Amino acid sequence: MRKVILDMDPGIDDALALLLALRSPELQVLGITTVAGNAPVEMTSANARRVLEYLGVTDILVAMGAAKPLKHTLADALNYHGPDGLGQCNLPPPRLPLHPAKAWDFLAELVLNAPSEITLVATGPLTNVAHAFQYHPELPKLLAGLVLMGGAYSLTPYGKGNQTPFAEFNIWQDPEAAYIVFSSEVDIIAIGLDISMNPATCLTGQHLEQIKASHTPAARLTAKLVEYAIKHHGRCELHDPLALATLLDASLFDFISAPVEVISGNGWDRGITRILALGQAGELPLTHVAASVDGPRFLKLFLSRILEK
Ligand code: BDR
Ligand code: CA
């Protein structure tokens, strides 16, 4: 079993990634840290616990993190994910308390107790991860790896922005944090829009019918989340489950390894993730950026995990 910590901003697709993680026997979720992104951090923290409690999971602790990006104000995505951040899925408010520590200290404590054993999966803005690396400079070297959903790399026709014409939401939201993380010594796998905007990785009405035919708790919640996305956006994009899937079956993807420069600030180019040639990169380390995906095989894996009894 691979030990993981999930840093997330649920969010419909974050919730789907959480369901996928909980339904995957290869993974042991040691803890969850929450960040502001799709919704304010109090709401993302409640949503993570709403999903856990719905599935009867009471032994995974949730620690709340940053309420805003390092240098910008929060621009949430409630217009996309619904006023509750979870597609109005009607889950009750959480009863489980939050872990008392800040996300970055909780993260550091878990990693220091199991050096080189834990993979961090970050599916929101990278604010918590940047704080963790700044407050605990030894962390990047002590993680087994970091898998993140973020960026638009122009590697496929889908690798354009979704927040601006050039920038992906998570990176755009906190480009200063992303810069810190992409420059650090942690080994990074990045899933960008190049992969997750490919229609072959999205759920459609036909998939929804298949999900509705199953009556397990995970399938019932998945159906509500997917139905909201399809009703409002025509399809359900699986950005964050794709990041998680790199840990379940890396052979679904091809990767290129290259230095990635993140453009910070608040100009037109805020949040651009630029792949550099090795000669241009200075001190920047290599990131493994997904360049292609077997969409049908990914969807099959996702559905089988969610629908299995
Ligand atoms: C990313 O932005 C968020 O809205 C999604 O949860 C995903 O992590 C996609 O750009
Ligand atoms: Ca997310």
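Data overview
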| read-out | value |
| --- | --- |
| Unmet criterion (only one of (1) assigned to a loop (DSSP other than H, G, I, E, B); (2) away from ligand 2 (no atom under 15 Å from the Cβ)) for Q163 | (2) |
| Counted residues, segment 215-239 - those being modelled with pLDDT of 95 or more and assigned to a loop (DSSP other than H, G, I, E, B) | 4 |
| Cross-chain or 6+ apart pairs with Cβ under 7 Å, segment 214-242 first and over 15 Å from G85 (Cβ atoms), then more than 16 Å from ligand 2 (Cβ to nearest atom) and among the small types (G, A, S) | I230/G205 |
| Any hit, segment 115-126, residues being surrounded by 14 or more Cβ atoms within 10 Å (Cβ to Cβ), within 16 Å of ligand 2 (Cβ to nearest atom), at positive phi and assigned to a loop (DSSP other than H, G, I, E, B) | no |
| Residue, farthest from H131 (Cα to Cα), within segment 1-20, restricted to residues that are away from ligand 2 (no atom under 13 Å from the Cβ) and touching a strand residue (DSSP E or B) at 6+ places or on another chain (Cβ under 8 Å) | M1 |
| Failed criterion for W268 (all others in (1) in contact with a strand residue (DSSP E or B) (Cβ under 9 Å, 6 or more places away or on another chain); (2) touching a residue at least 24 places away in the same chain (Cβ under 8 Å); (3) in a loop (DSSP other than H, G, I, E, B); (4) not hydroxyl-bearing (S, T, Y) hold) | (1) |
| Tally of residues being within 21 Å of S292 (Cα to Cα) and either of a type in the set (V, I, T) or more than 16 Å from ligand 2 (Cβ to nearest atom) (or both) across segment 166-187 | 4 |
| Scan of segment 100-133 for residues that are out of contact with any Lys or Arg (no Cβ under 8 Å at 6 or more places or on another chain), of a type in the set (S, T, Y) and touching a residue at least 60 places away in the same chain (Cβ under 8 Å), ordered by number | T123 |
| Sole residue being β-branched (V, I, T) and farther than 21 Å from D240 by Cα, chosen from V129, V111, V147 | V111 |
| Complete set of residues in segment 266-287 that are within 14 Å of T164 (Cα to Cα) and of a type outside the set (D, E) | N266, G267, W268, R270, G271, I272, T273 |
| Selected residue (criterion: surrounded by the most Cβ atoms within 10 Å (Cβ to Cβ)) from residues of segment 71-93 that are part of a helix (DSSP H, G or I) and within 17 Å of the chain's Cα centre (by Cα) | H81 |
| Of residues in segment 1-52 being assigned to a loop (DSSP other than H, G, I, E, B) and surrounded by fewer than 24 Cβ atoms within 10 Å (Cβ to Cβ), the one nearest to ligand 1 (Cβ to nearest atom) | P40 |
| Meets criteria (in contact with a Pro (Cβ under 6 Å, 6 or more places away or on another chain) and either closer than 23 Å to A178 by Cα or away from ligand 1 (no atom under 13 Å from the Cβ) (or both)) for T127 | yes |
| Any chance T58 is among the polar types (S, T, N, Q) and within 27 Å of C202 (Cα to Cα) | no |
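The values are calculated or read from the model by the stated rules, or taken from the named source; none is laboratory data. Please read all numbers here as calculations on a predicted model, not as lab measurements. A quick note on method: Cβ atoms are made from the backbone with ideal geometry, for glycine too, and the neighbour counts reach across all protein chains shown.
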